[in-house]
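> The structure's right below; bear with me while I get my questions together.
The values are calculated or read from the model by the stated rules, or taken from the named source; none is laboratory data. Every value quoted in this text rests on a predicted model; they were computed, and no experiment measured them. Don't worry about glycine lacking a Cβ; one is built from the backbone with ideal geometry, like all the others, and counts go over all protein chains shown. For accessibility, only protein heavy atoms count, side chains too; no ligands or nucleic acids. Shrake-Rupley method; radii C 1.70, N 1.55, O 1.52, S 1.80 Å.
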Amino acid sequence: MTTPDALRVAYLERVAVSDEPGAIAVAVDALDAGVDPEVVLLDVVAAAQREVGERWAAGEWTVVQEHVATHISERVVAAVARHAPTPPPAGPDTVAVACLDGEWHGLPARLLAEVLTRHGWRVEFLGASVPAAQLATHVHRAGPDLVAISSSLASRLPAARRMVEACRATGTPVLAGGPAFGEDGRWARAVGADGWAPDARAAAAMLAADPEGPWFTEEPTDGTPVDRTAREEQAVLHARRAELVRLAAAAVRPDDDGVPDELADDLGHLVDFLAAAVFVDDPSLFDAFVRWVGSVTIPTGLRLDEVGPVLDALADALADSPRTAALLRGAHGGLPTPVA
């Protein structure tokens, strides 16, 4: 039988040339050969999609190529669902699966929904970027037994807190998943979630063992619930976001006529990740983003030699927000060394 690694390579080859029928054929042929649908979804499609993201970050693929790959993978997930239909739900329990407000990477949540369906759950897939108020309305009306929230970007953690609070108001437990919540789920704790799973397999196993939660079984290694100071300083960053992007751009490219779109995007993300780090009071969140943005190759985006001056300019502008200014000053130590 073909191994998952070989299938992933073959699948990625089809995705790389925008061959949707070919990618679907790789998945369907694997199913016909007896490969478990969950293996196809998680070890082939999801694994290949992670590699797509790595190629984009390295500057090997454009954002258009990444978007095409995501579209193909979404079509493949639908093809797997058609070709290997799931049995009826094993019981009445229902889980609503939603992406955080502002999180447009919907494929991981879609994969989670498909896996949970195959494990006997009734699943309501609510899609990408679900506002907390709309989620609250749905939970009140439909009454799912639990809500699973997904995000790839830690910058969306303030939105996660709003979604958790909306669910808690109805007594509905929340299971968080995705890289946004940290490698060990520490930021899931900080926003008040009842549990965290690193991937769809782990989520299915966790819910099979205990469908009601709470699911945290160990004391946190870091991360504390959001406090008032964190909320206030995060709100300042949110309100001043556009101003801070302009200020940071002027600090590194004063002669530019306007701010290039890619630079504005990078600086906007930097402010968003800073706000999230302040919100959960964890400098490591922002330090990791600073290291990442300094290593990504994006034409006309933020250059490595510009990151330090940007941090200094923002720290000066935000001197009245002590937690924020301290995070900015401390992030210098994590910067990669520019290549001569």
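> Can we say Glu60 is surrounded by 15 or more Cβ atoms within 10 Å (Cβ to Cβ), touching a helix residue (DSSP H, G or I) at 6+ places or on another chain (Cβ under 9 Å) and of a type in the set (Asp, Glu)?
no
> Which ones in the range 1-27 are among the small types (Gly, Ala, Ser) and surrounded by fewer than 14 Cβ atoms within 10 Å (Cβ to Cβ)?
Matches in the range 1-27: Ala6 only.
> Inside the range 124-155, can you point out the residues that are of a type in the set (A, V, I, L, M, F, W, C) and more than 25 Å from Arg189 (Cβ to Cβ)?
Phe125, Ala142
Conditions tested, residue by residue: (1) over 23 Å from Ala57 (Cα atoms); (2) in contact with a helix residue (DSSP H, G or I) (Cβ under 8 Å, 6 or more places away or on another chain); (3) modelled with pLDDT under 90.
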site	(1), (2), (3)
Pro254	yes, no, yes
Ala275	no, yes, no
Asp282	yes, yes, no
Trp292	no, yes, yes
Val296	no, yes, yes
Leu302	no, yes, yes
Thr324	yes, yes, no
Leu327	yes, yes, no
Leu335	no, yes, yes
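> What are the residues in the range 33-55 that are free of Cβ contacts under 8 Å to residues at least 12 places away in the same chain and either surrounded by 20 or more Cβ atoms within 10 Å (Cβ to Cβ) or part of a loop (DSSP other than H, G, I, E, B) (or both), if any?
Result: Asp36, single match.
> Could you check the range 162-193 and list, in sequence order, the residues that are touching a Cys at 6+ places or on another chain (Cβ under 9 Å) and not small (Gly, Ala, Ser)?
If the condition is that a residue be touching a Cys at 6+ places or on another chain (Cβ under 9 Å) and not small (Gly, Ala, Ser), then Pro173, Val174 are the ones that fit.
> Evaluate the range 213-221: report whether one residue or more is open to solvent by 50 Å² or more (accessible area, probe 1.4 Å), in contact with a strand residue (DSSP E or B) (Cβ under 7 Å, 6 or more places away or on another chain), more than 21 Å from Glu103 (Cβ to Cβ) and modelled with pLDDT under 90.
yes
> Which residue, of Ala204, Ala242, is modelled with pLDDT of 90 or more, within 30 Å of Asp43 (Cα to Cα), surrounded by fewer than 22 Cβ atoms within 10 Å (Cβ to Cβ) and of a type outside the set (Asp, Glu)?
Ala204
> Something else: Being modelled with pLDDT under 95 and of a type in the set (A, V, I, L, M, F, W, C) narrows it down to one of Val15, Val64, Val45, so name that one.
Checking each option against the conditions leaves just Val64.
> A further question on this structure: Within the set of pairs 6 or more residues apart or between chains, which connect a residue that is touching a residue at least 60 places away in the same chain (Cβ under 8 Å) and under 10 Å from Trp121 (Cβ atoms) inside the range 75-101 to a residue that is open to solvent by less than 80 Å² (accessible area, probe 1.4 Å) and part of a loop (DSSP other than H, G, I, E, B) with Cβ atoms less than 8 Å apart?
If the second residue must be open to solvent by less than 80 Å² (accessible area, probe 1.4 Å) and part of a loop (DSSP other than H, G, I, E, B), the pairs left are Asp93/Trp121; Asp93/Asp145; Asp93/Pro211; Val95/Trp121; Val95/Pro144; Val95/Asp145.
> Here's another thing I want to ask about it. Is it fair to say Trp196 is closer than 28 Å to Trp292 by Cα, in contact (Cβ under 8 Å) with a residue 40 or more places away in the chain and in contact with a Phe, Trp or Tyr (Cβ under 6 Å, 6 or more places away or on another chain)?
So Trp196 does not fit the description; no.
> Which condition breaks for Ala30 when tested against (1) open to solvent by 50 Å² or more (accessible area, probe 1.4 Å); (2) in a helix (DSSP H, G or I)?
Unmet condition: (1).
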